[in-house]
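The values are calculated or read from the model by the stated rules, or taken from the named source; none is laboratory data. Quick caveat: nothing in here was measured; it's all calculated off a predicted structure. Because the Cβ atoms are built from the backbone with ideal geometry, glycine has one as well, and the counts that use them run over all protein chains shown. To get the accessible areas, we keep the full protein, side chains included, count just its heavy atoms, and leave off ligands, DNA and RNA. Shrake-Rupley method; radii C 1.70, N 1.55, O 1.52, S 1.80 Å.
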Amino acid sequence: KQEMLRWFQNEKASHENLLEIDRELGISYCMESEELYMEVLAEFCSQMEIYMPQFEEYFTNEKWADYAVIAHAVKSNSRTIGATAFADLSFKHECAGKTEDISFIREGYAEYISTLKELVENVKKTI
């Protein structure tokens, strides 16, 4: 099980791919409503502004179970807007938090958070 998880975690998407948002997919999750999708995008940005400092707190204080909970929420929110590759990366961080794979978290944390910030900034430009 650990070996399979490590393989999954080693699968790496490009930075550009992590920032991709499949707008049509996101709209499909919003009952095909462009208006609702725009509201979901705005809520995504609001939620991420709350989650980012929590990530920092949990990372700094090595609260891995709490880190996993936030990564899970980011995963779900990202998938909802159509940011599938970033959702997949969030799932890896969620799994790492649950299994206390501290090396994976420490190695990828800075890039993960900076990419999340960039994703939020990109979304803000569209709403």
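Below are the figures for this structure:
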| read-out | value |
| --- | --- |
| Leading residue by the ranking (modelled with the lowest pLDDT) among those in segment 112-127 that are in contact with a helix residue (DSSP H, G or I) (Cβ under 6 Å, 6 or more places away or on another chain) and open to solvent by 20 Å² or more (accessible area, probe 1.4 Å) | I127 |
| Some residue of segment 65-73 being in contact (Cβ under 8 Å) with a residue 40 or more places away in the chain and touching a helix residue (DSSP H, G or I) at 6+ places or on another chain (Cβ under 9 Å) | no |
| Tally, over segment 87-111, of residues that are of a type in the set (A, V, I, L, M, F, W, C), surrounded by fewer than 22 Cβ atoms within 10 Å (Cβ to Cβ) and under 20 Å from L25 (Cβ atoms) | 2 |
| All positions within segment 65-86 that are open to solvent by less than 10 Å² (accessible area, probe 1.4 Å) and on the phi < 0 side of the Ramachandran plot | Y67, A68, A71, V74, S78, I81, A83, F86 |
| Breaking point among (1) free of Cβ contacts under 8 Å to residues at least 60 places away in the same chain; (2) within 19 Å of I27 (Cβ to Cβ), for L41 | (1) |
| Segment 65-113, subset assigned to a loop (DSSP other than H, G, I, E, B) and under 22 Å from A42 (Cα atoms), residue nearest to the chain's Cα centre (by Cα) | A83 |
| Single condition I81 does not satisfy, out of (1) out of contact with any Ser or Thr (no Cβ under 7 Å at 6 or more places or on another chain); (2) aliphatic (A, V, I, L, M); (3) within 19 Å of A96 (Cβ to Cβ) | (3) |
